[in-house]
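K.L.:
One structure, pasted below without further comment.
The values are calculated or read from the model by the stated rules, or taken from the named source; none is laboratory data. It should be emphasised that the depicted structure is a prediction, and the values quoted were computed from it without experimental measurement. FYI the Cβ positions are ideal-geometry reconstructions off the backbone, even for glycines, and counts take in every protein chain you see. Ligands, DNA and RNA are stripped out before the accessible areas are found, and what is left, the full protein with its side chains, is counted by its heavy atoms. Shrake-Rupley method; radii C 1.70, N 1.55, O 1.52, S 1.80 Å.
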Amino acid sequence: MAQTDIHPHQVSRLLLFLAVLGPVQSVLGWSLSAALWPGYDPITQTISELASPESPVRYLQSSFFLLGALIDIIVALKLKVIAKPARVLFFLGGLATIGLTIFPTPLVGVSEPHRVFATISFVIFSIWPVFGMRFGRQWPPIVRPLASIVGTLVLGAIAFAFLSVWTNPEIHTAGLWERVVTTSQAIYPALVIFLSWRFINRQNS
């Protein structure tokens, strides 16, 4: 692809806004919901429990889940700096978030549909960078192979650590690890958007 094929509209102001909104709404959602639920323990209890049928803040947390899904779907449609396979993954990840919201986890017991959708979401938002890589110096460094591979390895390691804790009933820090993984998975796309925008603007200035 020639240098002239990259245009600033590929990282629009909408995407820059979403780069800020994504991580902020993610952290704000589970922080606000947890604060409004007396006795809730964010270290041991998962974010999904905030949206459980028995939760007093079910609809608040569910609304933040759906907002996150909407952001992911818009990114899938608009962020053309990353390759198409990654955009497809983003779209599927948004659908998975909708799925885990429709099928909430109970406070007692397990919802298999919720667990499946949540696992799909965690996996997708860990592996997408390597599917979004671009080749050539005309592309922002953050989406080139080295950064894409490193990003995937880091996100994958964090997600694997959480899934290991989440599926082990003898470990009681699932809530803490889930917050680490969801925050990292929200920040990384924001980093890609911002650094791509800065690179493209410099190339076109």
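K.L.:
Go through (1) outside any helix (DSSP H, G or I); (2) at negative phi; (3) out of contact with any His (no Cβ under 6 Å at 6 or more places or on another chain) and name the single condition T105 misses.
P.N.:
Result: T105 passes all but (3).
K.L.:
If you don't mind, another one. Go through region 112-146 and give me each residue that's open to solvent by 30 Å² or more (accessible area, probe 1.4 Å), in a helix (DSSP H, G or I) and not aromatic (F, W, Y).
P.N.:
Scanning region 112-146 gives E112, P113, R115, V116, T119, I120, V123, I127, V130, P141, P145, L146.
K.L.:
Being over 16 Å from the mean Cα position of the chain (by Cα) and without any contact (Cβ under 8 Å) to a residue 60 or more places away in the chain narrows it down to one residue among I142, I127; which is it?
P.N.:
I142
K.L.:
Can I ask one more? Kindly evaluate S62 against the criterion of being hydroxyl-bearing (S, T, Y) and assigned to a helix (DSSP H, G or I).
P.N.:
When the stated conditions are applied, S62 passes them.
K.L.:
For residues that are open to solvent by less than 40 Å² (accessible area, probe 1.4 Å), out of contact with any helix residue (DSSP H, G or I) (no Cβ under 7 Å at 6 or more places or on another chain) and among the aliphatic types (A, V, I, L, M), tally how many sit in region 60-111.
P.N.:
The number of residues fulfilling the criteria is 0.
K.L.:
Another question about this same structure. Considering only residues that are among the hydrophobic types (A, V, I, L, M, F, W, C) and open to solvent by less than 20 Å² (accessible area, probe 1.4 Å), which ones fall in region 187-203?
P.N.:
A190, V192, I193, I200
K.L.:
Let me ask another. Which ones in region 147-180 are surrounded by 21 or more Cβ atoms within 10 Å (Cβ to Cβ) and at pLDDT 95 or above?
P.N.:
The answer is S148, G151, L155.
K.L.:
Right, something else. Do you know which residues across region 155-205 are of a type in the set (D, E) and assigned to a helix (DSSP H, G or I)?
P.N.:
E178, the sole residue that qualifies.
K.L.:
Further, regarding this structure: Return the residue satisfying two criteria in turn: it lies in region 53-68 and is under 20 Å from the mean Cα position of the chain (by Cα) and polar (S, T, N, Q), and of such residues it is farthest from F90 (Cα to Cα).
P.N.:
My answer is Q61.
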